[in-house]
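Below you'll find the structure, written out as structure tokens, and then a few comments.
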Amino acid sequence: MAKPAIHFKYIWIINVATLILCFQFILPLKINTMDLRTNVDQLNQMILEGKILQAFEKFYADDVVMQDNDYPARAGKEICRQFEETFVNGLTEFRGAKIISSIISDGLAVTEWWMDYTHKDFGTRNYTRLAVQRWKNGKIVEEKFYYNN
């Protein structure tokens, strides 16, 4: 029985097509996810170091929308900055924070936090919360926090 002839030009074409698909579709998704992971890790590290306002300036888009639970959303970096400044300036004691877990996928980052602090307006807080972020062009464009009151 004769073996079928191998047509090297067809194998070459298939390999080139595979490489093109990889570079056009698969690789950019992996690179974008890696870039997002780097940004999220930097953001979270800055928060852990107490650089909350610096992290806000670096990673939040001008048109960001932020929301806590089902409270009204805050739109625009200036309004959101004022809210963040009020929160940071109201801290009277900060006992700790820890990242429990995080998930990164397709422009979405979810970080589960544990926090323990006392705030002049909210009292003593020791709780976990989820920060769900939508990222675009290296900036957070939407963030919603989920936690028990």
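Where a number appears in this text, it was derived from the coordinates with a stated rule and is not lab data. Source: prediction; values computed, not measured. Quick reminder, even Gly has a Cβ in these numbers, built from the backbone with ideal geometry, and neighbours come from all protein chains shown.
Can you flag which of Lys77/Lys120; Lys98/Lys120; Lys51/Lys77; Lys77/Lys98; Lys58/Lys139 are past 20 Å Cα-Cα?
Lys77/Lys120; Lys98/Lys120; Lys77/Lys98
Determine the sum of side-chain charges near Phe83: Lys and Arg each +1, Asp and Glu each -1, restricted to other residues whose C-beta is under 13 angstrom from that of Phe83.
Overall, the nearby charge balance is -3.
Could you tally the net charge around Tyr147, taking each other residue with its Cβ under 12 Å from the Cβ of Tyr147, Lys/Arg +1 and Asp/Glu -1?
Combined, the nearby Lys, Arg, Asp and Glu give 0.
Arg125's amide H: which non-local residues (gap 5+, or another chain) put their own amide H closer than 5 Å, with H modeled 1.01 Å from N in plane and none for Pro or chain starts?
It is Tyr117, Thr118, His119, by chain and number.
When the Karplus curve 6.51 cos²θ - 1.76 cosθ + 1.60 is applied with θ = phi - 60°, which whole-Hz ³J(HN,Hα) does each residue of segment 78-85 get, with x for Gly and Pro?
5, 5, 5, 4, 4, 5, 5, 4
What are the ³J(HN,Hα) values, in whole Hz, obtained from phi via the Karplus relation 6.51 cos²θ - 1.76 cosθ + 1.60 with θ = phi - 60°, for each residue of segment 118-123 in sequence order, with x given for Gly and Pro?
10, 10, 4, 9, 10, x
Could you tell me the calculated FRET efficiency between Phe94 and Val141, based on Cβ-Cβ distance and R0 = 35 angstrom, to the nearest 0.05?
Efficiency at R0 = 35 Å is approximately 0.80.
In whole Hz, with x marking every Gly and Pro, tabulate ³J(HN,Hα) for segment 45-53 from phi via Karplus 6.51 cos²θ - 1.76 cosθ + 1.60, θ = phi - 60°.
In residue order, the calculated couplings are 5, 4, 5, 4, 7, x, 9, 5, 6 Hz.
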